[in-house]
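Undergrad: Take a look at this one; I'll ask things after.
The values are calculated or read from the model by the stated rules, or taken from the named source; none is laboratory data. These figures come from a predicted structure and were not determined experimentally. No Cβ is skipped: glycine too gets one built from the backbone with ideal geometry, and neighbour counts run over all protein chains shown. Heads up: the accessible areas ignore ligands, DNA and RNA and are worked out on the full protein's heavy atoms, side chains in. Shrake-Rupley method; radii C 1.70, N 1.55, O 1.52, S 1.80 Å.
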Amino acid sequence: MNKNIDINIVLLNKKAKIPVKQHNKDIGYDIFSSKSYQILPRKITFIETGFSIELPDGCGGFILPRSGLASKHSITSINSPGLIDPGYTGEIKIPLINHGDKTYNLELNERFAQLVLINVENVKFNVVDKLK
């Protein structure tokens, strides 16, 4: 299935970047920080992306942590995966937690999360007495 989806995006500041794939075959679109942050040990920091998106009906966005930050620095998203529903059009802010013992400096425009898009159909749940 090779279907392109149009998604409207608003860049909320001059330092915001559009999510991008690093490689053509990647599934996730890298998300960049629109500011610099100090992520303190054992603390949660909300990272501003500087953009908001408008997903079409039937499309959801999962926010996932980058494995490199997790494996090298013990930094991950506190609510992974985070779900963006089509009705949400506010700024995408991602809560990162530092499980390590050292402060991590997240630099401006550093890749720190990924956006994975899914298309879904509405389902109807049928209550039955027994499954086959």
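Undergrad: Exactly one condition in (1) open to solvent by 100 Å² or more (accessible area, probe 1.4 Å); (2) at pLDDT below 95; (3) assigned to a strand (DSSP E or B) is false for residue 118; which is it?
TA: Condition not satisfied by residue 118: (1).
Undergrad: Collect the residues in segment 12-24 that are aliphatic (A, V, I, L, M) and either open to solvent by 80 Å² or more (accessible area, probe 1.4 Å) or assigned to a loop (DSSP other than H, G, I, E, B) (or both), keeping them in residue-number order. It would help to see each step written out before you state the result.
TA: Taking segment 12-24 first, the residues aliphatic (A, V, I, L, M) are 12, 16, 18, 20.
If the condition is that a residue be aliphatic (A, V, I, L, M) and either open to solvent by 80 Å² or more (accessible area, probe 1.4 Å) or assigned to a loop (DSSP other than H, G, I, E, B) (or both), then 12, 16, 18 are the ones that fit.
Undergrad: Name the residues in segment 88-107 that are open to solvent by 70 Å² or more (accessible area, probe 1.4 Å), of a type outside the set (Ser, Thr, Tyr), in a loop (DSSP other than H, G, I, E, B) and within 22 Å of residue 17 (Cα to Cα), would you?
TA: Going residue by residue through segment 88-107, those that are open to solvent by 70 Å² or more (accessible area, probe 1.4 Å) are 88-89, 93, 99, 101-102, 105, 107.
With of a type outside the set (Ser, Thr, Tyr) added as a condition, the list becomes 93, 99, 101-102, 105, 107.
Add one more test, that the residue is in a loop (DSSP other than H, G, I, E, B), and what stays is 99, 101-102, 107.
Answer for segment 88-107, where residues must be open to solvent by 70 Å² or more (accessible area, probe 1.4 Å), of a type outside the set (Ser, Thr, Tyr), in a loop (DSSP other than H, G, I, E, B) and within 22 Å of residue 17 (Cα to Cα): just 107.
Undergrad: How about segment 29-69: which of its residues are open to solvent by 40 Å² or more (accessible area, probe 1.4 Å) and among the aliphatic types (A, V, I, L, M)?
TA: 40, 44, 64 - these are the residues of segment 29-69 that are open to solvent by 40 Å² or more (accessible area, probe 1.4 Å) and among the aliphatic types (A, V, I, L, M).
Undergrad: Does residue 9 count as assigned to a strand (DSSP E or B) and surrounded by 14 or more Cβ atoms within 10 Å (Cβ to Cβ)?
TA: On the way: assigned to a strand (DSSP E or B): yes; surrounded by 14 or more Cβ atoms within 10 Å (Cβ to Cβ): no.
No.
Undergrad: Still on this structure, please answer the following. Only one of 116, 120 is within 11 Å of the chain's Cα centre (by Cα) and in contact (Cβ under 8 Å) with a residue 40 or more places away in the chain; which?
TA: Values: 120 fails: within 11 Å of the chain's Cα centre (by Cα).
Being within 11 Å of the chain's Cα centre (by Cα) and in contact (Cβ under 8 Å) with a residue 40 or more places away in the chain holds for just one of 116, 120, which is 116.
Table: residues versus (1) assigned to a loop (DSSP other than H, G, I, E, B); (2) at pLDDT below 95; (3) closer than 21 Å to residue 9 by Cβ.
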| site | (1), (2), (3) |
| --- | --- |
| 26 | yes, yes, yes |
| 34 | yes, no, yes |
| 53 | no, no, yes |
| 56 | yes, yes, yes |
| 63 | no, no, yes |
| 70 | no, yes, no |
| 80 | yes, yes, no |
